[in-house]
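Data block below; observations after.
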Amino acid sequence: MKFVAFERAKQGTGASRRLRITGRTPGIVYGGTGEPTLIEIDHNALFHAIKKEAFHASILEMELGADIPEFIAVDLSGLSKGKSLHVKDITLPKGVKFVVKGQENPVLVSVSSVSEEAEADAAAAAAAPVDPKAAKAAAAKDAKANAAKDAAKPVAKK
C-alpha cells in the first residue's frame with residue numbers, strides 16, 4: 001500500500017499536536033544505519049486506509065542486499081541454567097552484521113529456572129476451570145453455599 005509522506009523538521013508533543021490540528025498525522029521511520037526520519041502523513045488518507053482490511057496485512061517492500069538471509073538459525077540446546085547467549089556468540093552469514101544500540105554485546109537469550117512459588121501458582125491456575133461459563137457457575141455455587149451458611153447461623157439476641 002502506498003502513502004504520500006513528507007519529511008518534517010520539528011518534533012515533540014507541541015509540534016505533533018499542531019500537525020494533528022491541521023489534519024496531518026506525525027510519524028517516524030526507523031531502519032538502516034541512518035538516523036530516524038520524522039514524517040507527516042495526511043490524516044484522511046491514513047484514516048480511510050486503516051478501515052480497509054488489506055491495510056492491516058500490507059507489507060512494506062524495501063530493497064535489501066542479495067546476501068541477507070530470511071532467518072538466522074541459533075542452536076540453544078547447549079545452554080544450561082544460569083547461562084546466556086550474547087550477540088557476539090552467534091556466527092553470522094557472509095555480508096550480515098548486527099546493529100546494536102546502547103550495549104556493546106547485549107544478551108539475546110538467558111536461561112533461568114522457575115521458582116517453587118511460581119510452579120505452585122502455575123499448577124493452581126492449571127487446575128482452575130478454563131471455561132468462563134464453568135468459572136461463573138462455580139462462583140455462583142460458592143456464593144449460594146456461603147449465603148446458606150449465613151442464613152443457618154443463629155442470630156444472637158441482646
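The values are calculated or read from the model by the stated rules, or taken from the named source; none is laboratory data. Predicted model only: the values in this text are computed from it and were never measured. Here the Cβ is made from the backbone with ideal geometry for all residues, glycine too, and neighbour counts use every protein chain on show.
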task = Note down all Cβ pairs under 8 Å where the first residue falls in the range 61-87 and is over 30 Å from Val114 (Cβ atoms) and in the same structural domain as Gly31 (by TED's automatic domain parsing), the second is modelled with pLDDT under 80 and surrounded by 10 or more Cβ atoms within 10 Å (Cβ to Cβ), and they're at least six residues apart or on different chains.
result = none
inquiry  = I need the full set of residues from the range 88-97 which are closer than 26 Å to Ser113 by Cα and assigned to a loop (DSSP other than H, G, I, E, B), in order please.
reply    = Ile90
inquiry  = If the requirement is being at pLDDT 75 or above and out of contact with any Asp or Glu (no Cβ under 6 Å at 6 or more places or on another chain), which of these qualifies: Leu92, Leu60?
reply    = Leu92
query = Taking Lys2, is it at pLDDT below 80 and of a type in the set (D, E, K, R)?
reply = yes
